[in-house]
Structures are given as structure tokens and as C-alpha cells.
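Undergrad: Below you will find the structure I want to go over with you.
No lab work stands behind these numbers, since they all come straight from the coordinates. Values in this document were obtained by computation on a predicted structure and should not be read as measured data. Using ideal geometry, Cβ is built from the backbone for each residue, glycine included, and neighbour counts are taken over all protein chains shown.
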Amino acid sequence: MGKWRQHWENRWFEYWLPTLKDQLGISFEESAILQEFSEYGLRNTVSQNTVFSVLQEKKSIVFGGGPNLIQHIKMLKRHEDWENEVSIIVADGAAQALLDEGFTPSIVFTDLDGGLDLIDRCLKESSIVFVLLHSDNTHLVREFGIRKAIYCTQIKPMFGFVNTFGFTDGDRAISFSVCSGAKTLCLGFDFRAPPSQFSTRKKQLIDQYLTQKKAKLSAAENIVQELAQSGLVYTLDPARCPGIKVFRIDDFLYNL
């Protein structure tokens, strides 16, 4: 295990879980839920020791569902001859835009609240799907069923579930890439902008939801800020997403 991965795992359990619990009022008392769904976790084809070997490439692009997502996808479409060297990792609802623009996500991170239809489409395209189980989505996981997916938790791994050490779909995707040792370009992220249609797919935009979403995005930004200390996180705009600034996408694709 790399030094950064071990450091981040310790930080996740010793600092971030307690901090999120205090700041957002999330209990994370989910061991009973993992036991109830143990059949799902025990069907995983990877263990906690092998989960970060899923990513084979040395570079990845992680897409979030921010309002700049389409702009960044169109910028990426101008470049060629990189697909075999770079993995596309997507946070939940952002997969819709990638698929519509002709990109097949290599890996998708989801807690299923962006719609089961979208995840079905990703699975048909042979994407690897990481499904997070938590106390608020047990009904969705039960409806989704035991599929060819990797089932995850945010607490100590047990009953076959794995942990990629993150909170929202977006920062979990970034954490996974960084812990896998890949140079990671973050596109489609804007932690300070109002939620876009890609991150609010299938949701009712009531004031309570939007307030909670803003708090979660703020927490995710802080998590990514710390992940950026690994030296593996790159961004086009540090004001929108933490990381080492690259001035053009081709700098990341061809020159790093």
C-alpha cells in the first residue's frame, strides 16, 4: 500500500468521518445495514485489498456534474489518441452527458439517486459501477438488486463491502483515482456553483434539498482540497475545483 493511500485511509476514519458527522449531522452508524445487505457485499469481485487495482491506467479524468460539464466535454472532444491511455471516471448523473456525447465511462460512482435507468445504461456499455450503500438509499439498492457492480460503504469495510474513502459521488471518484496512484484531471466540477441538472437528476429541487446539497458540496470541496496534497490532482480552474492548475487539457493528456 502506498504511503499516500495509507495516510488518506487514516485521515478518512480518524478525521473526516467524525467531522462530517459533527458538521452535517450524519450518523454513519451503518454496520447493521451492511449486515442486512451482506449478500450484496459478498458478491463483490474485489476486496478492500484489491479494489484500487481496478484502475489500470496511470492517468484518469474524473467528471463531476457541475454547470461547466458540457463545456469541458466539448473541450475534450477536440483531442484524439488518448482514450487507451486515460480512464474516464464519472460521478453519477454526469454519466448522462458523457454517454450522450459519445464517451463511455470506464468507471461510474453512484448512490443510485441519479436514476436506475442511467446506471442500467452504463452497465450495458460495460462500465464498472461502484454502488454506495448508506442509510438513505437502502430502497434504491434493494430495487437495483445484486448486479455486476462493486458495492461500497463509507465506514469500516465489512461483509465484503469496500471503501474508496470519500463522501459525495464526486470526491469518492477523485479519492479512488488518487488512491490508485493515477494522475487525476478533474473536469465538470464547480463546488461553489448552484447544482446543475446533472447533479439534481430525478430530484425535487425544494429549498431543504438545495440547502443540504450546498453543505455537501462545501464538504466535498474541503475533501478534494486535502486530496490535492497528494500532488496527483489537476484542474483547469483552482477557484472551482482544488488541484494543480493546467492551462489546457492537452497539457494533461500528452505532456504529464
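Undergrad: For the chain, what is the relative contact order in percent, using Cα pairs closer than 8 Å and at least 6 residues apart in sequence?
TA: With pairs under 8 Å counted, the relative contact order is 24 percent.
Undergrad: Which stretch or stretches of segment 215-256 have amide N atoms under 16 Å from the point lying 7 Å from F13's Cα along the Cα→Cβ direction?
TA: Those under the cut-off are none; the list is empty.
Undergrad: Hey, can you rank 108-118, 229-239 by average C-beta count inside 10 Å, highest first?
TA: 108-118, 229-239
Undergrad: Note the full-extension length gain between S135 and K148 as 0.36 nm times their separation in residues minus their Cα-Cα distance, in nm to one decimal.
TA: The span from S135 to K148 would gain 2.5 nm if fully extended.
Undergrad: Continuing with this model, one more query. Please build a GNM for the chain, connecting alpha carbons under 10 Å apart, and tell me which residue among G166, G145, G181 fluctuates the most.
TA: For the chain, modelled as a Gaussian network with Cα springs under 10 Å, the answer is G145.
Undergrad: Return a whole-number percent for the relative contact order of segment 1-127, with Cα pairs under 8 Å and 6 or more residues apart as the contact set.
TA: Relative contact order, segment 1-127: 17 percent.
Undergrad: Modelling each spin label as a point 7 Å along the Cα-to-Cβ direction, I'd like the S218/L256 distance in nm, to one decimal.
TA: Rounded to a tenth, the inter-label distance reads 2.9 nm.
Undergrad: With a/c under 1.5 counting as rounded, go ahead and sort segment 112-256 into rounded, prolate or oblate using the C-alpha gyration tensor (a ≥ b ≥ c being the square roots of the eigenvalues; past the cut-off, prolate if a/b is larger than b/c, else oblate).
TA: It comes out prolate by the Cα gyration axes.
Undergrad: Which FRET efficiency value, to the nearest 0.05, is calculated for K58 and L123 with the Förster distance at 30 angstrom and r the Cβ-Cβ distance?
TA: Calculated value: 0.70.
Undergrad: What's the exposure ranking of C241, C152, going from fewest to most Cβ atoms within 10 Å?
TA: With the sparsest Cβ surroundings first, the list reads C152, C241.
Undergrad: Still on this model: How would you rank W82, W16, going from fewest to most other Cβ atoms within 10 Å of each one's own Cβ?
TA: Listed from fewest to most nearby Cβ atoms, that is W82, W16.
Undergrad: Please report the projected area of the chain's Cα convex hull averaged over all directions, in nm².
TA: Over every viewing direction, the Cα hull of the chain projects on average to 12.3 nm².
Undergrad: Which of rounded, prolate, oblate describes segment 98-179, given a ≥ b ≥ c as roots of the alpha-carbon gyration tensor eigenvalues and a/c under 1.5 marking rounded, otherwise prolate only if a/b is larger than b/c?
TA: Note, shape of segment 98-179 comes out oblate.
Undergrad: Ok, one more. H79 versus K245, label points 7 Å from Cα toward the beta carbon: distance in nm?
TA: 1.8 nm
Undergrad: Here's a follow-up. Under 10 Å, Cα contacts only: if you run a Gaussian network model on the chain, which one of R240, R78, R147 comes out with the highest mean-square fluctuation?
TA: Judging by the Gaussian network model, the answer is R78.
Undergrad: What is the order of H7, H134, H139, H72, fewest Cβ neighbours within 10 Å to most?
TA: The most exposed by this proxy come first: H139, H7, H134, H72.
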